[in-house]
Amino acid sequence: MILNRKSVELLAPAGTWDALVAGIEAGADAVYLGGKHFNMRMHEGDFNFDDEMLKKAIEYAHAHDVHLYITINNLISEEELPALREYLSYLGKIRPDAILVQDFAVLKLIREMNLPVPIHSSVMMNIHNEHAIEKLKEYGITRIVVGREMTLSELSLFRERTGIEVEYFMHGDMCFSESGQCIHSGVVFGQSGNRGRCLKPCRWPYRLVDDATKEILDEGSPGPYKLALKDMCMYRSIPQLIQAGVFSFKIEGRMRPPEFIRRIVSTYRKAIDAYIADPTGYETDEAGWKSLYGNRARDFTTTFAFGQPTTKDIGFTGEREPRFFSQAVEEAGFQDDILGQEPPIQKDSPSHRCLSVRVNSPASAKAAIENGADRVYVGGEAFRPLRPWSLADYRDILSFAGDKGAKVIINTPRTTMRRECGELEQLFSALGELAPDGLMVSNLGSLHLARKLTRLPLQADLSFNLFNHLAAHFLKENGLSMGTASLELSFGQLRQIVEASELPIEVIVHGSYESMLCDHNIPGMSLPHFNDLENPEVLDRRYALLDRAGEKHSVRIDQYGRNHIYFAKDLCLYPYLDKFNGVASYRIEAQDYSPELTGAVTCLYRERLDSLSAGNTKYSAEKLEELQEKSPRRFGLGTYRFRQSRNSI
């Protein structure tokens, strides 16, 4: 590869006009910014650009031979769709150089409206495998902002196999969770990180404890801020970035002041130009490094660029944290002032209401089926010390379910990097003989593989972040038979989707559920003697994070080493099921339950759904209390206690 000035794009953030000018004057090749609505930086009223300023910003950037990209990279709720359509129409007139998107509804509208604007996939779309690219190219995507968990070696192979243009976050604030897979702020505060309003629970202090006993395990750890990832800084690794095939070097910081933007952009500009001019003679400009380091907010890390982060990549003490957006609070129980007053969904229910249960073992699957589950979801992630599902396990449960008249849907992992995709190809090839009743997929890559290698019915899991009926239609036109509603929706927002969607919608009504999905080793970073080579049993211990409100968040480690952080309370909608009319499936999340508890939960919900079908809306408070006594966590309403997941308009 012979480098020239156009081989690499230096991409600067701008939250204000002065920051836009500073970035361009400092040498940015492109700038990204957001309008007053529909973007991932919605907290600050003085930031972002109104419509007229957007037009002026594009004109100013183009006058200086600089590209300008506009972010529409948050999830869009049903009530926002008319305003989104108007906004897209306006962008089609003022012609930015690209639009960054997360929600599938935006892809659908851009195609429907035939907008003459290139499309980039936001990091919030969590694209992490080559199979997803083939689907995105069909919708006009020309550039991918890759997931932050991708190493440079993986990125290089990804780039080579897909030919897609790659944008990479190389400086600034980083999320601890996989992008698009954190719902903690949305559920606890009604302010979704996927909708630009994150209150950063990953920046709270936590203790690492034994999940069963609450024994404190981290007395010798460096500090309590266990999820507080340091800021990304790839300044000393510019050659590796360029040679890996990264085209756009993205600086995070749309809330940063102009002088901050000017300093960072000019420093990176000088270094990139020096490498392009003489790669073999290049060396790091230490004066530039001192400028970056001396003016840093947090300390620096290279996160996943060269492998999994370790203790050195976490700001354990919290001393350099510039701002705490929130503090830990007790999660809501049955605070139903809003849900109790909501009118039911106005859609007819079938005579028999379908009950689905996600299970963690063959024994749990059998318990669910014996207690009235119509469908069981098996496979996918297995939380240690449980073992992954084998082909023999699938054969066993398919035979058992067939005798009972229940259906078996094989689940797939939420994240499918190169290893998982290779395993799925082999699994899908074996399904012709197994003949399950369907597959559950969690991202565009596993969807593409499943459609390519099987003829099974497919449904979309939570990771698709289904937030509006247009996104549901996108899934339907791509071969999916059912979608799972986001757990960040309020009941009113869910009602709108169920009533408007042509795609059948499944709703999770009970169970333990994850607030964050992380590729970090949380206990390994907190425990000084954690060594899975010498003591692999440390992976099988059940850990939890204890926040300062006294809430315990279970941590589960799957077979891929990913850490799943759970909410402190389990979702329970048992008293309110009479409001959930017309949903295609009522789902129980029993992934963290014993077979006995799985059977008990399934039995209670089966009785209630059958009672509703018979016209009886009453429920048993006594049976609910009995179930609570058996459950590992208290019950709560999650996001259903809010009138809405706060909008961006």
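In table form, for the structure just shown:
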| quantity | calculated |
| --- | --- |
| Alpha-carbon centroid distance for the pair region 167-227 / region 260-328, whole angstrom | 21 Å |
| Top positive-direction residue, dipole computed over the chain with Cβ charges, set L456, V117, T412 | V117 |
| Net charge, L612 excluded, C-beta distance under 12 Å - Lys, Arg +1, Asp, Glu -1 | +2 |
| For region 50-179: rounded, prolate or oblate by the Cα gyration tensor [a/c cutoff 1.5] | prolate |
| Inter-centroid distance (Cα atoms) of region 451-474 relative to region 66-91, Å | 22 Å |
| Cα-centre dipole for region 405-551 with unit charges at Cβ (Lys and Arg positive, Asp and Glu negative), debye to 20 | 340 debye |
| Phi to ³J(HN,Hα) by Karplus 6.51 cos²θ - 1.76 cosθ + 1.60 over region 66-75, Hz, x for Gly, Pro | 10, 7, 10, 10, 10, 8, 10, 10, 10, 6 |
| Ascending count of other beta-carbon atoms within 10 Å, so fewest first, for S356, S326 | S326, S356 |
| Relative packing of peptides 608-621, 302-315 - highest average C-beta neighbours within 10 Å first | 302-315, 608-621 |
| Ordering of 120-128, 337-345, 545-553, 633-641 by burial proxy (mean other Cβ atoms within 10 Å per residue, highest first) | 120-128, 633-641, 545-553, 337-345 |
| Eligible aspartates and glutamates near K476 by straight Cα distance, threshold 16 Å, same-chain separation 8 or greater | D103, E112, E138, D461, E499, E502, E506 |
| Structure-based [θ]222 nm, the chain - -39500 (n - 2.57) summed over DSSP H runs of at least 4, per residue, nearest 500 | -10000 deg cm²/dmol |
| Magnitude of the charge dipole, the chain, Cβ model with Lys/Arg +1 and Asp/Glu -1, debye to 20 | 560 debye |
| Student exercise, region 530-622 dipole from Lys, Arg, Asp, Glu Cβ charges, in Debye to nearest 20 | 380 debye |
| 12 Å beta-carbon shell around R269, net charge (K/R +1, D/E -1) | -1 |
| Distance in nm between pseudo-label sites at D50 and D396 (7 Å out along the Cβ direction from Cα) | 6.6 nm |
| Listed residues N468, M440, G479: farthest to the positive end of the dipole of region 433-490 (Cβ charges) | G479 |
| Rough spin-label spacing in nm, given labels placed 7 Å along Cα→Cβ, for E86 and L434 | 5.0 nm |
| Shape call, region 320-455: gyration tensor on alpha carbons, a/c limit 1.5 | oblate |
| Farthest positive-ward along the chain dipole, Cα basis, beta-carbon charges - from Y574, H131, T310 | H131 |
| Ranked packing of 287-297, 17-27, most packed first, by mean Cβ within 10 Å | 17-27, 287-297 |
| C-alpha center-to-center spacing [region 584-644, region 546-581] in angstrom | 14 Å |
| Percentage relative contact order, region 1-69, counting C-alpha pairs under 8 Å, at least six apart | 31 percent |
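Bear in mind these aren't lab numbers, they're just calculated from the coordinates by the rules spelled out. Since the model is a prediction, treat every value here as computed from it, not as a measurement. Cβ atoms come from the backbone with ideal geometry, glycine included; neighbour counts cover every protein chain shown.
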